[in-house]
Amino acid sequence: LAVALGYFERGAGSYHFSDIQYLSAKNKVDALSINPQTWEKVAVYVSRLLAYDGTLRIADLGAGIMSMLELIMMGTHSNLPPMDFLLESRDSPVREVHYYAYESNLNLLEGCLETLNRLGF
């Protein structure tokens, strides 16, 4: 489409699609679109429903560059709190969180490793 619209010349080699850059940009928009009250209600509901033995297990299929792990651990700087309140509240049945990520797109491996490094893993 960019070639057809004249933004790039065919075969010029000036355009390269990056899965990581695309998901990074998309994740910023996605994070801003999540309502904070809904985020907290879903977290509490899911933890009560699924943490029957004190462990909340999350399977992130199609994990991309692990943006969900980052949201869970860090929240966003603008409007979402991290979900650590689930571990800190005495009323919460959650005592630990197990996060399993699966991503089949090997082009995203570098982005996954970058996210894990940024989060201290």
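So the values come out like this:
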item: Residues of the chain: accessible area per residue with a 1.4 Å probe, Å²; result: 72 Å²
item: On Cα atoms only, tilt of 109-118 relative to the major axis of the chain in degrees; result: 50 degrees
item: Cα gyration tensor category, rounded, prolate or oblate, for the stretch 42-93 with a/c compared to 1.5; result: oblate
item: Positive-pole candidate from Gln37, Met66, Pro82, dipole of the chain, charges at beta carbon; result: Gln37
item: Built amide H within the under 5 Å cut-off of Ala101, gap 5+; result: Asp60
item: Set of the stretch 67-94 residues, backbone N closer than 16 Å to the point 7 Å along the Cα-Cβ line of Leu109; result: none
item: Cα gyration tensor shape for the stretch 12-55, rounded if a/c is under 1.5, else prolate or oblate; result: oblate
item: Theoretical FRET efficiency, 1/(1+(r/R0)^6), r = Cβ-Cβ of Phe85 and Leu61, R0 35 Å, to 0.05; result: 0.90
item: Projected label distance in nm at Met74 and Ser33, using a 7 Å step from Cα toward the beta-carbon; result: 2.1 nm
item: Which label in (1) -0.61, -0.76, -0.95, -1.11; (2) -0.34, -0.48, -0.74, -1.08; (3) -0.55, -0.70, -0.93, -1.17 gives the computed log10 I(q)/I(0) by the Debye sum over Cα atoms at q = 0.12, 0.14, 0.17, 0.20 Å⁻¹; result: (3)
item: Selected from Gly54, Gly64, Gly75 as most flexible by GNM, with the chain as the system and alpha-carbon contacts under 10 Å; result: Gly54
item: Gyration tensor verdict on the stretch 72-121 (Cα atoms; rounded if a/c is under 1.5, prolate if a/b is larger than b/c, oblate otherwise); result: prolate
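The values are calculated or read from the model by the stated rules, or taken from the named source; none is laboratory data. Quick caveat, the model's predicted, so the values are computed rather than measured. Positions of Cβ are generated from backbone atoms using ideal geometry, with glycine treated the same way; all protein chains shown enter the neighbour counts. Keep in mind that these areas ignore ligands, DNA and RNA; they rest on the heavy atoms of the full protein, side chains included. Shrake-Rupley method; radii C 1.70, N 1.55, O 1.52, S 1.80 Å.
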